[in-house]
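This report refers to the structure that appears directly beneath it.
The values are calculated or read from the model by the stated rules, or taken from the named source; none is laboratory data. The structure presented is a predicted model; accordingly, all values stated were derived computationally and were not measured. Don't worry about glycine lacking a Cβ; one is built from the backbone with ideal geometry, like all the others, and counts go over all protein chains shown. Ligands, DNA and RNA are excluded from the accessible area calculation, which covers all protein heavy atoms including side chains. Shrake-Rupley method; radii C 1.70, N 1.55, O 1.52, S 1.80 Å.
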Amino acid sequence: MSSLGEPQRLTNLKAVFIGDITSEDSEISWIQQSDISPILQAYPKLEFLQVRGGDRLQFSPPIRHNHLKALIVETGGLSRDTVAQICNMNLPALEHLELWFGSEDYGGDCWVEDLNPIIFAEKFPKLNYLGLRNSQFTDEIVSVIIGSPILDYISVLDLSMGTLTDAGAEELLNCSAINNLDILNISENFLSQEMIEKFSGLDVRVLANNQKEEDEDSYIDGRYCSVSE
């Protein structure tokens, strides 16, 4: 194996998965990460970076990487500081951005306004897939994203594993720009069958399997993201 001090041994490295640990070995919230930026600095030809675990996760200082096409960050709790660092990265080739926000009980303290650079500023001009997944504030994401320019150029919007309700889904249905998408993933949320059937009228492939049931005994509003601890 090559250390970060000897990147010349892997000069053509294209893909890295940091924290490829299943729940049988460690819960996602127990995985301790660190500053990931040295990986991007050491491997300028990297195209795919996947990170699992949000504890101590950082992307600092802000850097430019010309070849990264996919960034996937899977957490049970993603901090607003880490989201801000991701938004500050200069990734002109990025096509796939996937963020799992998780629960505030496990460090997930970001909110919808922390996503403004992604949703409104066209921060990543080549973005094709946007995954705002595993969120405790999916309805709020929908309320913002339906009025943003990002729906004019992405092909896939992934809101799965979150807390989307029929009220939030109704906002999506009433947004004509949703028909610009190729795929809308609203799986693993809190939608009624009646609401799911309404999406059949869209000119979009809609994924809506494995809806969850509210749990008033364990959660204040009965809704929860799919992955936390």
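Annotations
- Verdict on SER200 being modelled with pLDDT under 95, open to solvent by 70 Å² or more (accessible area, probe 1.4 Å) and of a type in the set (S, T, N, Q): yes
- Candidates PRO7, PRO44, PRO62, filtered to the one that is at pLDDT below 95 and open to solvent by less than 70 Å² (accessible area, probe 1.4 Å): PRO7
- Any hit, the range 141-153, residues being closer than 24 Å to SER29 by Cα and among the charged types (D, E, K, R): no
- Positions within the range 69-86 being in contact with a strand residue (DSSP E or B) (Cβ under 6 Å, 6 or more places away or on another chain) and hydrophobic (A, V, I, L, M, F, W, C), in sequence order: ALA70, LEU71, ILE72, VAL73, LEU78
- Contact annotation: residue pairs with Cβ atoms under 8 Å, 6 or more positions apart or on different chains, pairing a residue in the range 147-174 that is within 17 Å of GLN136 (Cα to Cα) and outside any loop (DSSP other than H, G, I, E, B) with a partner that is of a type in the set (Ser, Thr, Tyr) and open to solvent by less than 10 Å² (accessible area, probe 1.4 Å), are GLY168/THR138.
- Of everything in the range 108-136 that is in a loop (DSSP other than H, G, I, E, B), of a type outside the set (Ser, Thr, Tyr) and surrounded by 21 or more Cβ atoms within 10 Å (Cβ to Cβ), the residue that is nearest to the chain's Cα centre (by Cα) is ASN134.
- Members of the range 173-197 found to be more than 20 Å from ASN128 (Cβ to Cβ), within 21 Å of the chain's Cα centre (by Cα) and open to solvent by 40 Å² or more (accessible area, probe 1.4 Å), listed by number: GLU188
- Count of the range 203-214 residues which are more than 18 Å from ALA167 (Cβ to Cβ) and either surrounded by 11 or more Cβ atoms within 10 Å (Cβ to Cβ) or at pLDDT 95 or above (or both): 5
- Any hit, the range 85-102, residues being of a type in the set (Val, Ile, Thr), modelled with pLDDT of 95 or more and surrounded by 20 or more Cβ atoms within 10 Å (Cβ to Cβ): yes
- Scanning the range 32-62 for residues that are in contact (Cβ under 8 Å) with a residue 24 or more places away in the chain and either in contact with a Cys (Cβ under 6 Å, 6 or more places away or on another chain) or under 18 Å from ARG80 (Cα atoms) (or both) yields a total of 17.
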